[in-house]
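Contents: one structure, followed by commentary.
What follows draws every value from the coordinates through simple rules; no lab data is involved. This structure is a prediction, so every number in the text was calculated from the model and none was measured. Virtual Cβ from ideal backbone geometry, glycine too; neighbours counted across all protein chains shown.
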Amino acid sequence: MPPVNSKHEWPYPEVKRFPGGLERFSYRTYNWFENRLWPIRPIPFLAATTAVTALQVRSLGLEHIKEDAQKLLKPLAISIGSVYTSIFILRHILKYFYFSYKGYLFENPKKPSIRTMIWGVLRKVLLTIAPPQLSSCDRLLPNLPLPALQDTVDRYVDSMKHLMSEEDYDQLLEMSRKFVSNEGRSIQRYAWFLHKFTDNYVTSLWEQYIYMAGRYPLLINSSVAQCTMYGESDLIQAYQVARLIYIETIANLALDRQKYMAIGEGLMSTRHYRNIYNGCRIPGKQYDSFQWNKPAKHVILVHDCTWYKVDICDSNGQLYTVDQLAKIVAEVMGRDDKSKGYLRNIASLTTDRRTEWCSNRQKFFLENKHNQKLLQQIETAQFVMSVDGDLNWGVETTEQLSKYMKDMLAGSGSNRWVDKTMNYAVDASGRAGATGEHSPCDGAELDHLCENVLNVDKQVLVSPSTEEQLEIIKMTFTEKNSLRLAQKLDFQEVDGMETEVNRCFEQHHKASDDLHMHSIAFTDFGKGRVKKCGISPDGFLQMAIQLANYYDQGKFVLTYEPGSVRFYANSRTETLRPVTDYSCKFVQAMLSDESTQKERRDLLKKACEAHVENCKEVMTGKGVDRHLFVLCVLAKGLGYSSPFLEEYANQKWLLSTSNIPNMTNSVDEDISEDNIMLGASFGAVAQDGYGICYRFAGNRAIMVHITSYHSSPATDSDRFGQHLREAIHTLADLFDDEPSNNNVSKNV
């Protein structure tokens, strides 16, 4: 095992061996019972069942049991039934009175109600006697509530009044009235049935029609980029690649064992964590599908546009150490067996539109036995790891940082197998990032993964010196014969493949060239200064975005921010609409010469308070957009014609934003700039809109990544970035003359 820093611990158990079939069956069977019995563990359940059975056998007489063993079955059945019935009742009490309670979100934490205090005591008791594993509580989470039709329509209509002309708004009001009075009631009844007979009336439809039905290329349009720390890497490329492979192998096995730390201590859904590793999105003619695979003993390595299968353990299942993996990676990097010609860009086929990729996958892979075998190795691998060239990465200029983030989002067209959930990339400087496929999981799960990787990589494991790393990667003759070296995936040429590969490669480069990325490493201050102003950091930045957008576009636009609904079973996200009465009044005040600093400051506070309240409403299942989305799907499937729903479905999210939360607090970003995490990015949803992904890097920085498209005359990421910088300072400066903030400097 690699040397470990004694001050930090692994966030999940570090294992030495890849589990065999019997071992995996054992712990998965145990977890199957665990997830259906919690807060009672399987062993106590078995002990209680045995004890109750023994009491009944004793009353019957041991001699009678010896004479007829079948007489044991009845007391055994009674014991199992009675013990499980007690647990069943306990679990339902917890589901409807503990997991369903959300009142604490709306209370002053300093003055909680009696019910909240009782809930808090029960929580401490449960965490003490039966700390949950990753998915122990998933089956106890309440179903996502179905809002009343009138409430949803009213909320939606109210959210649109600042985004359209008075005439258009009046038409929307009239359409909404007719909808509620006519077809809306019938469609809502079908939604009610769907809600009653599923644990989540949104998720299956959302995954099918928002993700799997999309025919567009995934890179830029759907995938997300996750990136490394701000500071320089202390690892050479081969060693960093090996360490990431090792860390993520351990994480993969921890997830399979259900030993990954549960966020929210069991109060949040973890249903989609299992999709992060091993899985693969499979293209279809009309709809894609997701293929989940058991943990694999290999990863896929890409070096110099050549693809390799790398085993992560020996023939006895012993996991390779970081040092052993580093030797294997370095050996690959030193080979002269690189692919030639158009086969170097074979992965560009996965960047195509989904229907076309489905056809090419069938023709070039499934109908060719050799290529089919190689495809299977890629699609069942834990993940893909790309060993990239020198990206001239740096933070000295916005241009360098933007270039790096763009590469993480779009790739080169030949170094990402787009269908895989995770494609890691390490450039020549040793810095690492990843491209995540969005359909099987959400940003929160990917953020959790990323933070754990950085925690282990930067804090838990000790880094050898550069000289030691250079010695480690050297492979002796004995090691060359004992280690399982990487196997090149030598794809066979198929008629028509060259034309399609070249077309996809050129097509992706056109899309990549059109992507306009502007990355901001704002290091003047972070959330510390914002909190001292007494406002929500997320609300602060959302209001800064609203102000910057008004500078940029001269109007309010439909704005998307994902909100968490993971308190509910099998949930993904809901839409938080940041444009409110208060946000618009605040922006207007900022643009008015007649407004005083105090008036602007007070309006900013009210806008942030309204934003926080909206967030809580969304968290408790009172969002608008997923309900309306389900109604749209049902209306189309049932043949209803609805002008109101058509109006809703045709809306453009000209501002698509996302806040990257701190999931684990395991990396202290206030220690130094080297500990700051860059965050994530995604492509703008609308062709003439912006995509803005941001995160607060502790108290010292705000990281923002802005995307738009060069082909749109309405947008310019560089221009918006400048407006946003000014807006962030302008909002913070509002508190300079507030008495309680006179001692707060601009640089915290």
Extension length gain for Asn699 and Leu638 (0.36 nm per residue less Cα distance), in nm, is 16.8 nm
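Please give me the summed charge of the neighbours of Glu468: other residues whose Cβ is under 12 Å from its Cβ, Lys and Arg +1, Asp and Glu -1. Walk me through the numbers before you get to the answer.
Details: positive: Lys474; negative: Asp234, Asp323, Glu467, Glu471.
For residues surrounding Glu468, the net value is -3.
Ranking request for peptides 262-269, 242-249: highest mean number of other beta-carbon atoms within 10 Å first, then the rest in descending order.
Details: 262-269: 19.4, 242-249: 24.9.
Put in order of decreasing packing, that is 242-249, 262-269.
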Counting each DSSP H run of 4 or more residues in the chain as -39500 (n - 2.57), what helix-only mean residue ellipticity at 222 nm follows after dividing by all residues, to the nearest 500 deg cm²/dmol?
-14000 deg cm²/dmol
If you take the square roots of the eigenvalues of the alpha-carbon gyration tensor of segment 215-515 and sort them as a ≥ b ≥ c, do you get rounded (a/c under 1.5), prolate (a/b over b/c) or oblate?
rounded
Going residue by residue through segment 657-663, the Karplus relation 6.51 cos²θ - 1.76 cosθ + 1.60 with θ = phi - 60° gives ³J(HN,Hα) values, rounded to whole Hz and with x marking Gly or Pro, of 10, 7, 9, 8, x, 8, 7
Label point distance in nm, Asp337-Asp688, each placed 7 Å from Cα along Cα→Cβ
5.3
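Below 8 Å between Cα atoms, with a sequence gap of 6+, how large is the relative contact order for segment 342-460 in percent?
26
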Suppose the Debye formula is applied to equal point scatterers at every Cα of the chain; what is log10 I(q)/I(0) at q = 0.04, 0.11 Å⁻¹?
-0.18, -1.33
Packing-ranked peptide list from 208-215, 374-381, highest mean Cβ count within 10 angstrom first, is 374-381, 208-215
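May I ask you to derive the relative contact order of the chain, considering only C-alpha pairs under 8 Å and at least 6 residues apart, and to give it as an integer percent? Before the final figure, lay out the partial values.
On the way: 1282 pairs, mean separation 138.5, N = 748.
That works out to 19 percent.
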Can you spot the lysines whose alpha carbon is less than 19 Å from Lys95's alpha carbon? Ignore those fewer than 8 places along the same chain.
Lys124, Lys196
For segment 118-194: rounded, prolate or oblate by the Cα gyration tensor [a/c cutoff 1.5]:
prolate
Using a simple spin-label model with points 7 Å from Cα along the Cα→Cβ vector, what separation in nm is obtained for Arg28 and Asp581?
5.5
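Place a +1 charge on the Cβ of each Lys and Arg in segment 143-226 and a -1 charge on the Cβ of each Asp and Glu, then give the dipole magnitude about the Cα centre in debye, rounded to the nearest 20.
Numbers: 8 positive and 11 negative charges, 83 e Å.
Around 400 debye, computed over segment 143-226.
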Please report, in debye to the nearest 20, how large the charge dipole of the chain is about its Cα centre when each Lys and Arg carries +1 at its beta carbon and each Asp and Glu carries -1 there.
3160
Name the long-range amide H neighbours of Thr575: under 5 Å, sequence gap of 5 or more, or other chain; modelled H, no Pro or chain starts.
Gly563, Val624, Asp625, Arg626
Electrostatic dipole magnitude of segment 21-140 [Cβ: Lys, Arg +1; Asp, Glu -1; Cα centre; debye, to 20]
580
Contact order relative to length for segment 215-515, counting C-alpha pairs under 8 Å separated by 6 or more residues, stands in percent at 34
Would you list the membrane-span-like helices of the chain, meaning whole DSSP H runs whose alpha-carbon atoms span at least 20 Å along their axis and whose mean Kyte-Doolittle value is at least 0.0?
42-60, 73-94, 114-129, 237-257
Once amide H atoms are built 1.01 Å from N in the peptide plane, which residues 5 or more positions from Ile282, or in another chain, come under 5 Å H to H?
Ser289, Phe290, Gln291
Run the quick spin-label model on Asn665 and Asp514: label points 7 Å from Cα toward the beta carbon, then report their separation in nm to one decimal.
4.4
So for the chain, taking the charge dipole from beta-carbon charges (+1 Lys/Arg, -1 Asp/Glu), which of His508, Phe179, Tyr27 sits furthest toward the positive end?
Tyr27
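Taking 25 Å as the cut-off for C-alpha to C-alpha distance, list the pairs among Lys16/Lys474; Lys294/Lys338; Lys7/Lys102; Lys406/Lys605; Lys458/Lys527; Lys340/Lys510 that go past it. Could the numbers behind the result be given before it?
On the way: Lys16/Lys474 23 Å; Lys294/Lys338 30 Å; Lys7/Lys102 36 Å; Lys406/Lys605 35 Å; Lys458/Lys527 23 Å; Lys340/Lys510 23 Å.
Correct reply: Lys294/Lys338; Lys7/Lys102; Lys406/Lys605.
For segment 21-140, just say rounded, prolate or oblate: build the C-alpha gyration tensor, square-root its eigenvalues into a ≥ b ≥ c, call rounded for a/c under 1.5, and beyond that prolate if a/b exceeds b/c, oblate if not. List each step's numbers first, then the result.
Working: a/c = 3.66, a/b = 2.10, b/c = 1.74.
Because a/c hits 1.5 or more and a/b exceeds b/c, segment 21-140 counts as prolate.
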Nonlocal amide H pairs with Arg17, under 5 Å, H built at 1.01 Å:
Leu319
Specify which residue in the list Val121, Pro132, Leu72 is farthest towards the positive end of the charge dipole of segment 21-140, using unit charges on the beta carbon of Lys, Arg (+1) and Asp, Glu (-1), about the Cα centre.
Val121
Of the options Thr398, Asn316, Phe522, report the single residue whose Cα projects farthest towards the positive end of the charge dipole of the chain (beta-carbon charges: Lys, Arg +1; Asp, Glu -1).
Asn316
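Segment 612-699: which trypsin sites (Lys or Arg not before Pro) are DSSP loop and have at most 15 other beta-carbon atoms within 10 angstrom? Write down the numbers at each step before the final one.
Details: sites: Lys616, Lys622, Arg626, Lys636, Lys652, Arg695; in loops: Lys622, Lys652.
The qualifying sites are Lys652.
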